[in-house]
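What follows is a set of notes on a single structure, which appears directly below.
The values are calculated or read from the model by the stated rules, or taken from the named source; none is laboratory data. Only a predicted model underlies this, so the values are computations on that prediction, with no experimental measurement involved. Positions of Cβ are backbone-derived with ideal geometry, glycine not excepted, and every protein chain shown enters the neighbour counts. For accessibility, only protein heavy atoms count, side chains too; no ligands or nucleic acids. Shrake-Rupley method; radii C 1.70, N 1.55, O 1.52, S 1.80 Å.
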Amino acid sequence: DIQMTQSPSSLSASVGDRVTITCQASQDISFGLNWYQQKAPKAPKLLIYNASDLESGVPSRFSGSGSGTHFTFTISSLQPEDIATYYCQQYHNLPPITFGQGTRLEIK
Amino acid sequence: QLQLQESGPGLVKPSETLSLTCTVSGGSISSSNYYWGWIRQPPGKGLEWIGSIYYSGSTYYNPSLKSRVTLSVDTSKNQFSLKLTSVTAADTAVYYCARLGFTVTYLDSWGQGTLVTVSS
């Protein structure tokens, strides 16, 4: 199975900050990576697919980049409503679909 | 607007079978563009994909659960279902159903989730 390692596991940032989360795959997954936002106690919400494509209706302050084994998720200017846990998910080599362990984002 | 809704018992005894159904509304489960799947999340932990099914009945499962999982689909009712056998406390989780893209395997629509507790 492909293992996805997210970092950091938690982070605290101020409103307006640029926030970056990374996801490392245990083997090459090309562009096969998605990013989700989960606000407790709700279901996850798709933000980015195919490593860098923005899901319809998602604010443009969210972006993704990367390929191969190293991926980055960025919030360009953190807003209070962005408090959530963020997950990466790979789909290059199935089954199984695998998720990163999550990054909990808090506001300072 | 597509909606998914999980239903089933919230409490299951150890060694018994967990059964959940996902009802899809606002769209057809028979679309050729999507798979349908189950994901679970133990309290306070991360997400685990359980398995996915196509409207034709084609399935693929998480190898870690494959021996205990069966997915099925009922296109006449626009529903798909999960059965997980021989449950233990480790299977206690919020169970989500979701729609998965066919070409790009993203999960773009989710149910609200249902908590299933395994306890005697």
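Only four residue types carry charge here, +1 at the Cβ of Lys and Arg and -1 at the Cβ of Asp and Glu. Report the dipole size of chain A about the Cα centre in Debye, rounded to the nearest 20.
Working: 7 positive and 8 negative charges, 54 e Å.
Here the size comes out at about 260 debye.
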In whole Hz, the Karplus estimates of ³J(HN,Hα) for segment B:9-24 (6.51, -1.76, 1.60; θ = phi - 60°; x where Gly or Pro) are x, x, 9, 10, 7, x, 6, 8, 9, 7, 10, 10, 10, 10, 9, 9
Taking amide H positions as placed in the peptide plane 1.01 Å from N, state which residues far from B:Thr117 in sequence (5 or more) or on other chains have amide H under 5 Å from it.
-> B:Leu11, B:Val12
At 7 Å along the Cα-to-beta-carbon direction for both A:Ala13 and A:Glu55, put a label point, then send me their distance in nm to one decimal.
-> 1.9
Can you work out the PRE-style zone for A:Ser30? Point 7 Å along Cα to Cβ, and I want the residues of segment A:45-68 with backbone N under 20 Å.
-> A:48-55, A:64-68
Buried accessible surface, B vs A, both sides, probe 1.4 Å, in Å² to 100, equals 1600
Using only the alpha carbon atoms of segment B:1-73, find the Kirkwood hydrodynamic radius as the inverse mean reciprocal pair distance, in angstroms to one decimal.
-> 13.8
Could you work out the Kirkwood radius for segment B:26-120, taking every pair of different alpha carbons, averaging 1/r and inverting it, reported in Å?
-> 13.8
Over segment B:58-111 - Rg/Rh using Cα atoms and the Kirkwood inverse-distance radius | 0.97
Other protein chain Cβ atoms within 10 Å, averaged over every residue that makes up B:87-98 = 1
Mind jotting down the three principal axis lengths of the protein assembly as shown based on Cα atoms? Whole angstrom, largest first.
-> 48, 40, 35
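Write down the accessible area per residue of the protein assembly as shown in Å², having rolled a 1.4 Å probe over the full set of protein chains.
On the way: 10180 Å² over 228 residues.
I get 45 Å² per residue for this part.
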For a label point 7 angstrom out from the Cα of A:Ile83 toward its Cβ, which stretches of segment A:1-45 have the backbone nitrogen within less than 11 Å?
-> A:40
Among A:Leu47, A:Leu78, A:Leu94, whose Cα lies farthest out toward the positive end of the dipole of segment A:1-94, if unit charges sit on the beta carbon of Lys, Arg (+1) and Asp, Glu (-1)?
-> A:Leu78
For chain A, alpha-carbon Rg and Dmax in angstrom | 12.9, 39
Unit charges on C-beta of K, R, D, E only; dipole of the protein assembly as shown, Debye = 320
For segment B:38-79, residues shielded by at least 50 square angstrom of accessible area compared with the chain on its own, probe 1.4 Å | B:Leu47, B:Trp49
Pairs A:Lys45/B:Lys77; A:Lys42/A:Lys108; A:Lys39/B:Lys77: which exceed 29 Å Cα-Cα?
-> A:Lys39/B:Lys77
